[in-house]
Amino acid sequence: MTPTRRAVLRGLGAGPVAALGAGAVGIEAASAADVPASFPAPSRRIQLYAVELPDYSNEKRIGYGRTPESASIPGPTIEMLEGECIEIVLHNEVSAETLEALRTDEHTPLGVSLHAHGVRYDQASDGTVHSDSWVAPGESRTYVWYARPANRAKGIVGTAGYWWYHDHVVGTQHGTAGLAAGLFGALIVRRRSDPLPAHTYVTAFGDAMELNARRYPDTDTYDPADPVRSNTSLVANQGERIEFVNIALGSELHTWHLHGHTWADNRTGVLADVPWADDVAVIDNKTIGPGDSFGFQVIAGDMSGPGHWMLHCHLQTHSDMGMVTFFHVHDRQGRPPAGEWPPPHAGHGM
Amino acid sequence: MTPTRRAVLRGLGAGPVAALGAGAVGIEAASAADVPASFPAPSRRIQLYAVELPDYSNEKRIGYGRTPESASIPGPTIEMLEGECIEIVLHNEVSAETLEALRTDEHTPLGVSLHAHGVRYDQASDGTVHSDSWVAPGESRTYVWYARPANRAKGIVGTAGYWWYHDHVVGTQHGTAGLAAGLFGALIVRRRSDPLPAHTYVTAFGDAMELNARRYPDTDTYDPADPVRSNTSLVANQGERIEFVNIALGSELHTWHLHGHTWADNRTGVLADVPWADDVAVIDNKTIGPGDSFGFQVIAGDMSGPGHWMLHCHLQTHSDMGMVTFFHVHDRQGRPPAGEWPPPHAGHGM
Amino acid sequence: MTPTRRAVLRGLGAGPVAALGAGAVGIEAASAADVPASFPAPSRRIQLYAVELPDYSNEKRIGYGRTPESASIPGPTIEMLEGECIEIVLHNEVSAETLEALRTDEHTPLGVSLHAHGVRYDQASDGTVHSDSWVAPGESRTYVWYARPANRAKGIVGTAGYWWYHDHVVGTQHGTAGLAAGLFGALIVRRRSDPLPAHTYVTAFGDAMELNARRYPDTDTYDPADPVRSNTSLVANQGERIEFVNIALGSELHTWHLHGHTWADNRTGVLADVPWADDVAVIDNKTIGPGDSFGFQVIAGDMSGPGHWMLHCHLQTHSDMGMVTFFHVHDRQGRPPAGEWPPPHAGHGM
């Protein structure tokens, strides 16, 4: 399968994009400045803004966005094709006062950064204090990521996978306050032969029983009368190929469980068409510790049918406290399941 | 390998079964009522009773059983063949008073339910509050499970695996009190080509350092003079193929460790006869979080010989507090290891 | 690839070895006494001493060493080839007074032991109290380990893998105090076709945010002017094949993360040269619970280049408290990265 324009476009953000090229929101021709010699020329340059989200909650929240206005928690999902090199320009619009208030280690400088999992980067794109690759308030910095392909003959692994990116300097030299505030997002690297989903949803399990920095019922803004698709409204029609990218952050153990669906515990969740694929474990519950990320594709409601399928941490104390949302599967014609939502009991006391 | 009568019979419970058909204890011809159209006709109907176990311990305990008299913790192991659809009729014999005493969320109704991992079911068999698929005291409900086969050409995973079933409504909308009380059991789905073990043992690691809702020495009722095989008396003769199904539940991390034996970290624990199977990790210790289950087959005492092989959580605080039992391997003639059991030191202070 | 003399020699310890045979430090011709009949004749006998390390820290520390003088935490890495059987003679030089002070379970006898993961051993080499396979102060005991090969036709797994060994009797019948004091080390079993690394580093994540029983900056004794290679000074030249063996012990969850490098989540971390290897997940962060061990080989600085690459637990509270070290990658000519080390900020407040 050759890469499609759709695959590239999806990397640009949630909104419609008028043109693929310099000048479109969030994309520009890439410069080759400071790109490691072993990397190919960058194919794209993405703008990323770290901004305060004052209306988000009573707690101090910070998000990444393609524009300052669209910053969110999780931040925008970044998609790459294996073999691609990209630039990301991080603009720090968080005030020094906010960063100072979040700081618990006096030796940590005041700034934000961008640290990626999975892709290749050199020290200048590490996003850490010791490598001096962070961004002071009001300043910008260009990070370069390379999704290097596998070289099986040499035993070298590729980059295709479900990864994430995050701050590494807010609060402490490990970005502990930055992560808690919301500075993280999903990073998907696709192999060119991978199937493309109809929609991708991101779930990040953090401390304090937070799912995408919210607790149920705030995790689920689904309205059957107006079923918008977003990371707080997981919707699909039966039969659609849906992708989940799941992240664990903070300092606690979690287990990621989805009702009514299963997946292979491999790179994609999808079974390869070879006899020995039968050996791979199939799961519907996965233990994840901080820093882990995984993803998979499933056919929505395949055999299980339409319905409100619970998605929760299987630690009982976590799910009871609201680490819960729902995957709302409509029928093949897009009609929501019968009955009111939320039902009388389910909206309370989770 | 074709499915054997033995494989089907084992699904019926621990005791001997006189006849395979309607009328035998715990089995009846299945009705086709309320079976999803995409499922095949059910091949069996299993009765399952949720009952209080007043003599079990000072704590409130509830178990599942094929009959009210045989309820146990874990509940009866349910076996299916991949491709099979079955019905399970759950009878709630737990009193409203007991359910009320266990309830910590006032919005949760008083009932018990059956939620399965791994198999396919529709919303009516989800076993949750929001789907209204639970059972009030004194009532019954039929759940339908389908062990759908893999379709490699379409990338769709199969169901063969080591799963579990549990309550999802006692105490809270996640069944937190039901799980703690004992409402869980193992669910094995076999591929028709999978080898059959001589015996299957189930270990469930829960909170409060409980292994099958007990702590050492209560976890190990083995008596060399009368070596009954049960989930509290793990016995084998050297050379026998033994299967372990292992479940994690509650809110804590565990690691499952068995002395003297190793297994492949794949679907079965057994190495496939293909060269690339050499890439699979072999383990003797596995991290499991709540909701996880896994299983494997080993040859008892293979190379390690007869002996009392410790099985424990490798979290030191957990094993020290009694999250321990033993796998007692007799010699090939069935003779127990020499020496008294338990030895003077080992029975104390675990 | 045939086994090389180097592979065998590396098993002997960190120091130079004058001769491979009886009389060399830490190696002798093996006796065949008490070797299980199903094992091949032992090829080597290794001496291992358990000794107190009074100068290590204010806490009571005990380590294993090939000689009493070279005892360390972790203990010496033991390497075996799959198919090999070896003897290890454990000498307990820890005083009864120290063992008494560490004991929290009065039923546990005063001794030390050797319990191995992965390899085959009989009850006499289990290293547990109930099997009476421990060593009193001033005494010695010979343990026998067999790295049995895989038998794919029979579905039997091999032993090649990244394992560990540890005490199982100090303090409690699970060796809780022995592990906390430092009685553990890495055990590598190589398949004969496995590539050999230029260097192997061991990291053990324990309780109290300890990495190899230390916290940053004590975890990293690297000096660019004198870059000694050790388990507290992780150094490589760009392009070198480096092996990491990683252990979790104690009672806490950890996640093992390395910046700038990725590996396959399989037995070796290296991608097999078969098309279906594309299904294996590639990771740079791995959840590990107590008792787990894993390892992998990477090409140092491959694409990411020279630099100081952070290695840390990704639990934020753990990394903030010092569960951190660095992998220092020099350029291909062995020159350290430019700039002072540690930099002004990075040495403080981790």
Which listed residue is within 12 Å of another protein chain (Cβ to nearest Cβ), among the hydroxyl-bearing types (Ser, Thr, Tyr) and in a loop (DSSP other than H, G, I, E, B), from B:222, B:216: B:216
Count - residues of the stretch B:141-164 that are farther than 26 Å from residue A:297 by Cβ and either in the same structural domain as residue B:244 (by TED's automatic domain parsing) or of a type in the set (Phe, Trp, Tyr) (or both): 1
Residue B:278 being among the acidic types (Asp, Glu), more than 23 Å from the chain's Cα centre (by Cα) and outside any loop (DSSP other than H, G, I, E, B): yes
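Yes/no matrix, rows are residues, columns are (1) more than 7 Å from every other protein chain (Cβ to nearest Cβ); (2) outside any loop (DSSP other than H, G, I, E, B); (3) closer than 24 Å to residue A:265 by Cα:
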| site | (1), (2), (3) |
| --- | --- |
| A:127 | yes, no, no |
| A:133 | yes, no, no |
| A:158 | no, no, yes |
| A:168 | yes, no, no |
| A:172 | no, no, no |
| A:185 | yes, yes, yes |
Residue A:289 vs. criteria facing chain C (nearest Cβ under 7 Å) and surrounded by 22 or more Cβ atoms within 10 Å (Cβ to Cβ): yes
Failed criterion for residue B:118 (all others in (1) crowded, with 24+ Cβ neighbours inside 10 Å; (2) in a loop (DSSP other than H, G, I, E, B); (3) on the phi < 0 side of the Ramachandran plot hold): (3)
Every pair of residues 6+ apart whose Cβ atoms lie under 8 Å, when the first sits in the stretch A:263-277 and is at the interface with chain B (Cβ under 7 Å from one of its Cβ atoms) while the second is in a loop (DSSP other than H, G, I, E, B) and of a type in the set (D, E, K, R): A:263/A:284
Test set (1) among the polar types (S, T, N, Q); (2) touching a Leu at 6+ places or on another chain (Cβ under 9 Å); (3) part of a strand (DSSP E or B) - residue A:200 fails condition number: (2)
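Where residues in the stretch B:248-262 are in a loop (DSSP other than H, G, I, E, B) and hydrophobic (A, V, I, L, M, F, W, C), which of them is farthest from the other protein chains (Cβ to nearest Cβ)? Can you show your working first?
Restricting attention to the stretch B:248-262, the residues satisfying the condition of being in a loop (DSSP other than H, G, I, E, B) are B:249-253, B:259-262.
Add one more test, that the residue is hydrophobic (A, V, I, L, M, F, W, C), and what stays is B:249, B:253.
Details: B:249: 8, B:253: 5 Å.
Going through the qualifying residues, I end up with B:249.
Can you tell me which residues in the stretch A:308-350 are at pLDDT below 95 and not small (Gly, Ala, Ser)?
Correct list: A:340, A:341, A:342, A:343, A:344, A:345, A:348, A:350.
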Matching residues in the stretch C:206-237 - criterion: being under 20 Å from residue C:287 (Cα atoms), among the hydrophobic types (A, V, I, L, M, F, W, C) and in contact with a Ser or Thr (Cβ under 9 Å, 6 or more places away or on another chain): C:209, C:211, C:213
The stretch B:135-150 - residue that is part of a loop (DSSP other than H, G, I, E, B) and away from chain A (no Cβ under 13 Å) and, of those, surrounded by the fewest Cβ atoms within 10 Å (Cβ to Cβ): B:138
Which listed residue, of B:246, B:212, is modelled with pLDDT of 95 or more, under 15 Å from residue B:325 (Cβ atoms), in contact with a Phe, Trp or Tyr (Cβ under 8 Å, 6 or more places away or on another chain) and not aromatic (Phe, Trp, Tyr): B:246
When residues of the stretch C:275-308 are limited to those that are hydrophobic (A, V, I, L, M, F, W, C) and in contact with a helix residue (DSSP H, G or I) (Cβ under 8 Å, 6 or more places away or on another chain), the one farthest from residue C:196 (Cα to Cα): C:276
Index of the failed condition, residue B:68 passing every other in (1) more than 30 Å from residue A:270 (Cβ to Cβ); (2) in contact with a Phe, Trp or Tyr (Cβ under 6 Å, 6 or more places away or on another chain); (3) within 10 Å of another protein chain (Cβ to nearest Cβ): (3)
Out of A:278, A:218, sole residue that is surrounded by fewer than 23 Cβ atoms within 10 Å (Cβ to Cβ), closer than 19 Å to residue B:118 by Cα and in the same structural domain as residue A:306 (by TED's automatic domain parsing): A:278
Test: residue in the stretch C:238-253 that is farther than 25 Å from residue A:116 by Cβ, surrounded by fewer than 20 Cβ atoms within 10 Å (Cβ to Cβ) and of a type outside the set (A, V, I, L, M, F, W, C): no
Selection status of residue B:180, within 11 Å of another protein chain (Cβ to nearest Cβ) and either closer than 29 Å to residue C:173 by Cα or without any contact (Cβ under 8 Å) to a residue 24 or more places away in the chain (or both): yes
Which numbered condition residue A:245 fails, given (1) away from chain C (no Cβ under 12 Å); (2) over 14 Å from the mean Cα position of the chain (by Cα): (2)
Selection count where residues are assigned to a loop (DSSP other than H, G, I, E, B) and among the small types (Gly, Ala, Ser), scope the stretch B:281-295: 3
Failed item, numbered, when residue B:303 is tested on (1) at positive phi; (2) touching a His at 6+ places or on another chain (Cβ under 6 Å): (2)
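The values are calculated or read from the model by the stated rules, or taken from the named source; none is laboratory data. The structure displayed is predicted, hence computed values, not measured ones. As a convention, Cβ positions derive from the backbone with ideal geometry for all residues, glycine included, and neighbour counts pool all protein chains shown.
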